[in-house]
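To start, the structure under review is shown below, and the notes come after it.
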Ligand code: SER
């Protein structure tokens, strides 16, 4: 990886992957492309930034050729709850965006990272210890675009020899950028409520257990996979990766240990509850561990401690025990 393009650079993952890649490969070698959100001055000033709608194939090609891009982290995507609300738009952005990326990568021989998700699984999937290779059959538009994306990336690899790689991310928790429109967003919102001294009404039921990951581990996963020895990769698209598995009740209890008096109620949103119930509770990520050395640094207590520290700078919290970079 020498010249990298990141689509969705102002989004949930991109806002943190962009500075991490700039630290690693040098600011001028990382082109950040975002759609709507105005970038932080930090993001726009530390290297090239451009506006891009990934549905615009010509604009995408112009950026890739003008900057001599050899690797694309294609993060632009609609999340699960928004995709259920706007299924046509979700198909357009998630599928046609990926198609454009793969086509420009095919003609310029770029490597491609594509983030899939626990959303690529469905109600027929074994929810515990979910195997790497199993029934997927998602019943949401988000999941349909993710499973189709996995298949399309594999197709471009076997048919055209393109270096495509991806992971199935669980719910991601970040202190820096809010997710927006996902089913797992509660696990971020809850921290903001707790630190503001507010009561939190959770839209998932108390015992809805899902796979989760702290953002530093998600960033590390993307970079490690793209730097891994290609000869060792058997699965490519896409690897199960997880770091922790908890329900809202567990997270609330851990936060209460640091924020006494924090209160939570459960006012279930049927749309997001149904989506969550169709997803794995805990994935088996042994293929990622075996094939490219995946290993998360943060468990749930470490993540809670670090989130509270990052969001409040509170003396008593102290930095987390994890050492992800
Ligand atoms: N966090 C995502 C969502 O809730 C899942 O990949 O949509």
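The values are calculated or read from the model by the stated rules, or taken from the named source; none is laboratory data. Owing to the predicted nature of the structure, the values given are computational and were not obtained by experimental measurement. Backbone-built Cβ (ideal geometry, glycine too); neighbour counts: all protein chains shown.
Structure values in brief
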| read-out | value |
| --- | --- |
| Matching residues in the range 262-282 - criterion: being away from the ligand (no atom under 12 Å from the Cβ) and within 18 Å of the chain's Cα centre (by Cα) | 281, 282 |
| The range 29-44 residues that are in contact (Cβ under 8 Å) with a residue 12 or more places away in the chain, paired with ones that are surrounded by fewer than 15 Cβ atoms within 10 Å (Cβ to Cβ) (beta carbon under 8 Å, 6 or more apart) | 29/2; 33/51; 34/51; 35/51 |
| Residue 166 being in contact (Cβ under 8 Å) with a residue 12 or more places away in the chain, within 15 Å of the ligand (Cβ to nearest atom), within 18 Å of residue 278 (Cβ to Cβ) and touching a strand residue (DSSP E or B) at 6+ places or on another chain (Cβ under 8 Å) | no |
| Those residues of the range 222-260 which are part of a loop (DSSP other than H, G, I, E, B), farther than 30 Å from residue 114 by Cβ and touching a residue at least 60 places away in the same chain (Cβ under 8 Å), in sequence order | 259 |
| Residue within the range 221-236 that is within 20 Å of the chain's Cα centre (by Cα), at pLDDT below 95, buried (at least 19 other Cβ atoms within 10 Å of the Cβ) and within 16 Å of the ligand (Cβ to nearest atom) present | no |
| Single residue of 42, 16 found to be touching a helix residue (DSSP H, G or I) at 6+ places or on another chain (Cβ under 9 Å) and within 16 Å of the ligand (Cβ to nearest atom) | 16 |
| Test: residue 54 is modelled with pLDDT of 95 or more, within 30 Å of residue 276 (Cβ to Cβ) and more than 16 Å from the ligand (Cβ to nearest atom) | yes |
